[in-house]
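This report concerns only the one structure given below.
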Amino acid sequence: MREVPKAPARKAEAANDWENEGGSVKAVSSPALPEGITAVTVTKYRVGPYTYTTLDGALAEHKRQCNNK
């Protein structure tokens, strides 16, 4: 089995330089929620003036709009 060569140290230094120039974003911490409450992220799809929470609904509306042209 071959040994994997080590990357040069300079590459790691370059990454650290980039991170120190605003490239890294700290995660936003949310306040602790009481027991029984869960935060949920919802994806919304916009098709023209309409908003859908399912991709199937958005695709159907898109198809309707394309057929009306």
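How about region 42-69: which of its residues are out of contact with any Asp or Glu (no Cβ under 9 Å at 6 or more places or on another chain) and of a type in the set (Ser, Thr, Tyr)?
THR43, THR51, THR53, THR54
Checking PRO34 against (1) modelled with pLDDT of 75 or more; (2) in a helix (DSSP H, G or I), which test does it fail?
It fails just one condition, (2).
Six or more apart or on different chains, Cβ atoms under 9 Å: show the pairs whose first residue is in region 51-64 and of a type in the set (D, E, K, R) and whose second is part of a loop (DSSP other than H, G, I, E, B).
Every condition considered, the pairs that remain are GLU61/GLY48.
The values are calculated or read from the model by the stated rules, or taken from the named source; none is laboratory data. Only a predicted model underlies this, so the values are computations on that prediction, with no experimental measurement involved. Heads up, the Cβs are rebuilt from the backbone with ideal geometry, glycines too, and the neighbour counts pull from every protein chain shown.
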